[in-house]
Amino acid sequence: MDGGDSEIGGGLLKVSDIRVGVLFIEGTNCEDESVAYFRVLGARAEKVHLKQLTGDVPREMRRRLEDYDILMIPGGFAAGDYVRAGTIFAARIKWKLQDGIVEFVEAGKPIFGVCNGFQVLVEMGLLPALGGTLLETPEAVLAINDSSHYECRPSLLKQENRGVCAFVSKIPRGRVLKVISAHAEGKILFPRDREKKILKELIRNDQIVFRYVDDRGRYAGYPWCPSGATYNIAALCNRDGNVFGIQPHPERCFFRYLHPDWTREDGGDGLGDGALVFQSVLDYVSRKF
């Protein structure tokens with residue numbers, strides 16, 4: 001099942017040399033699975049607590065941002081999602097690591113936020129990042145779903161990106177993936193007085209990566225779009241394509257047998273739709289560095 005260097009990449013950096021840090025604090029989840037899946041594909045992945053990066057641990061446990069080629073912020077309810085989903089985690093990162101994060105992004109290294117991780121990237125000002133690498137004031141918010149409750153269901157996502165995003169290099173434009181939504185605050189909103197302008201800019205910059213669709217590939221409302229997100233947006237990237245936030249969980253359908261319909265189709269023992277996101281970013285790093 002190992003993707004190995006022969007199936008991904010072909011650039012200067014071997015997949016087996018790519019270092020992935022999956023960042024966690026109290027309340028995050030799926031960090032263990034995410035580490036395991038990057039390892040399945042051949043990368044060197046490890047969990048890293050925020051305090052290991054900020055230096056608030058014994059010296060032998062410390063890590064540096066520059067130790068990693070990819071940084072992932074997984075899902076969950078970091079710090080209990082108090083104030084607003086992702087706000088506290090974002091503030092703690094910016095407090096001590098803001099300059100390092102900016103350097104990381106501007107070096108072209110990818111940052112990957114899933115669900116709560118997407119919320120963190122928005123709260124940090126890394127997404128949509130229309131006015132720079134990292135903004136002081138967020139340009140969007142992930143608000144409570146239209147249903148006013150937690151939604152956990154399979155979702156269909158249509159790949160909309162024309163080529164900017166590092167996380168879809170192995171996913172043809174127009175392809176529909178089946179992934180798992182599991183969130184209470186997944187509705188992306190923009191300031192009302194700027195919403196149309198922001199959407200036009202996101203489209204022009206090729207920053208919209210996935211949109212929710214129904215089983216016929218049409219943009220549709222609830223339950224196909226479980227949150228009521230503006231423009232059915234399920235995933236965004238920054239202008240350079242190396243910061244990526246996705247609301248549903250690709251890691252929860254990394255293997256085909258994790259899909260809800262896996263017994264009805266052939267190939268139940270192979271990789272699932274979610275693996276394509278992991279493979280794409282490894283391919284990007286392999287070719288770029």
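Out of G80, G100, I need the residue that is more than 21 Å from A129 (Cβ to Cβ) and not polar (S, T, N, Q). Which one? Let's see the steps before the verdict.
Details: G100 fails: more than 21 Å from A129 (Cβ to Cβ).
Step by step, each of G80, G100 is checked, and only G80 is more than 21 Å from A129 (Cβ to Cβ) and not polar (S, T, N, Q).
Checking V57 against (1) in contact with a His (Cβ under 9 Å, 6 or more places away or on another chain); (2) buried (at least 23 other Cβ atoms within 10 Å of the Cβ); (3) not in a helix (DSSP H, G or I), only one condition comes out false. Which one?
With (1) in contact with a His (Cβ under 9 Å, 6 or more places away or on another chain); (2) buried (at least 23 other Cβ atoms within 10 Å of the Cβ); (3) not in a helix (DSSP H, G or I) applied to V57, the lone miss is (2).
In region 189-209, what residues are within 17 Å of R239 (Cβ to Cβ), free of Cβ contacts under 8 Å to residues at least 60 places away in the same chain and not charged (D, E, K, R)?
F190, L199, I203, I208, V209
Considering region 121-175 alone, what residues qualify as being in a loop (DSSP other than H, G, I, E, B), in contact with a strand residue (DSSP E or B) (Cβ under 6 Å, 6 or more places away or on another chain) and farther than 13 Å from G186 by Cα?
Looking only at region 121-175, we keep the residues that are in a loop (DSSP other than H, G, I, E, B), and these are 125-140, 144-150, 160-165, 169-175.
Checking which are in contact with a strand residue (DSSP E or B) (Cβ under 6 Å, 6 or more places away or on another chain) leaves us with 126-128, 140, 145, 160-161, 165, 171, 173, 175.
If the condition is that a residue be in a loop (DSSP other than H, G, I, E, B), in contact with a strand residue (DSSP E or B) (Cβ under 6 Å, 6 or more places away or on another chain) and farther than 13 Å from G186 by Cα, then L126, L127, P128, E160, N161, C165, I171, R173, R175 are the ones that fit.
Looking at D273, D240, which one is surrounded by fewer than 18 Cβ atoms within 10 Å (Cβ to Cβ), among the acidic types (D, E) and in a loop (DSSP other than H, G, I, E, B)?
Values: D273 fails: surrounded by fewer than 18 Cβ atoms within 10 Å (Cβ to Cβ).
The unique qualifying residue is D240.
Is it true that A85 is in a helix (DSSP H, G or I) and crowded, with 22+ Cβ neighbours inside 10 Å?
Here the answer is no, as A85 does not meet what is asked.
Output the residues belonging to region 133-188 that are small (G, A, S) and touching a residue at least 40 places away in the same chain (Cβ under 8 Å).
So the first thing to find is which residues in region 133-188 are small (G, A, S), and the list is 140, 143, 147-148, 155, 163, 166, 169, 174, 181-182, 184, 186.
Once the filter is applied, which keeps residues that are small (G, A, S) and touching a residue at least 40 places away in the same chain (Cβ under 8 Å), region 133-188 yields A140, A143, S147, S155, G163, A166, S169, S181, A182, A184, G186.
Among the numbered criteria (1) crowded, with 20+ Cβ neighbours inside 10 Å; (2) more than 15 Å from K158 (Cβ to Cβ), which single criterion is violated by F210?
Failed condition: (2).
Quick check on V179: is it outside any helix (DSSP H, G or I) and β-branched (V, I, T)? If you could, list the steps in order and put the result at the bottom.
Details: outside any helix (DSSP H, G or I): yes; β-branched (V, I, T): yes.
So V179 passes the test.
Read the figures in this text as sums done on the coordinates, not as results from a lab. As the structure is a computational prediction, the values presented were derived from the model and not from experiment. With ideal geometry, Cβ positions are generated from the backbone for all residues, glycine too; neighbour counts draw on all protein chains shown.
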